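Structure first, then comments.
The values are calculated or read from the model by the stated rules, or taken from the named source; none is laboratory data. Because the structure is predicted, anything quoted here is derived from the model rather than measured. Here the Cβ positions follow ideal geometry from the backbone for every residue, glycine too, while neighbour counts run over all protein chains shown. The accessibility values were calculated without ligands, DNA or RNA, using every heavy atom of the protein model including side chains. Shrake-Rupley method; radii C 1.70, N 1.55, O 1.52, S 1.80 Å.
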Amino acid sequence: MADPFVRGSDYLNRVRQLALDPSDIELPEDINDRIRICTWIGEHGDAVNAELQSCLDACHQCFGGDRRRPMRILAAPLAERLGVDALCNIHLDPVVIFVDVGRIDPADWLSVVVHEYAHAHLKSPGHGRSFLEVVTHLCLGLGLPPPTVEGTGDAPDDEKLLRHWPHCQSTRDPQRWWRGSP
């Protein structure tokens, strides 16, 4: 079995190949932080991805077999410039969901997966009526509060609400998790 640093580094290189843009997966400039993060991923990445997979599986259970879309889910440190906790590459088959587990409290991982699952299910980045319907279905099926929009999901205020639904608690220092200090 490879050294944890090598395993973690190889993992991130594979994940970058699945991203919309390889630079969307980002490590800090400091070499010591890079080494710590790659080592931590090499030691703990499989367990984190297993937890995210259980969230994805829970979302799949909300749809009948013929309505389930093929998807993958992977933990990865996302570039700060993106300003998001998670994203998905809807141009791949299966769609790949990326979750920056350092950016959100572990208790909210399911919520962020629900949000990205809705995008992946629709193969659409928007937050309109279809997104509202899918995210509401998922929330009701998983015991999360459904969105409370006034209109159809297409109004500016509705879209603003849906961009952050279900709500997630952000962390103060996303890199802290990846350095092994959750």
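Checked against the criterion of being more than 26 Å from His44 (Cα to Cα), modelled with pLDDT under 95, more than 15 Å from the chain's Cα centre (by Cα) and of a type in the set (Gly, Ala, Ser), the range 154-173 has at least one qualifying residue. Residue count for the range 96-124 under the criterion of being open to solvent by 20 Å² or more (accessible area, probe 1.4 Å) and among the polar types (S, T, N, Q): the result is 1.
Scanning the range 17-50 for residues that are free of Cβ contacts under 8 Å to residues at least 12 places away in the same chain and either part of a helix (DSSP H, G or I) or aliphatic (A, V, I, L, M) (or both) yields Gln17, Pro22, Ile31, Asn32, Arg34, Asp46, Ala47, Ala50. Please specify each residue of the range 1-27 satisfying the condition of being crowded, with 16+ Cβ neighbours inside 10 Å and of a type in the set (D, E, K, R). Within the range 1-27, Arg7, Asp24, Glu26 qualify.
Among the residues of the range 63-76, is any surrounded by fewer than 17 Cβ atoms within 10 Å (Cβ to Cβ) and closer than 29 Å to Gly42 by Cβ? So far as the range 63-76 goes, yes, one or more of its residues are surrounded by fewer than 17 Cβ atoms within 10 Å (Cβ to Cβ) and closer than 29 Å to Gly42 by Cβ. If the condition is being in contact (Cβ under 8 Å) with a residue 24 or more places away in the chain and either touching a Leu at 6+ places or on another chain (Cβ under 9 Å) or more than 19 Å from Leu140 (Cβ to Cβ) (or both), then the range 51-62 contributes Glu51, Leu52, Cys55, Ala58, Cys59, Gln61, Cys62.
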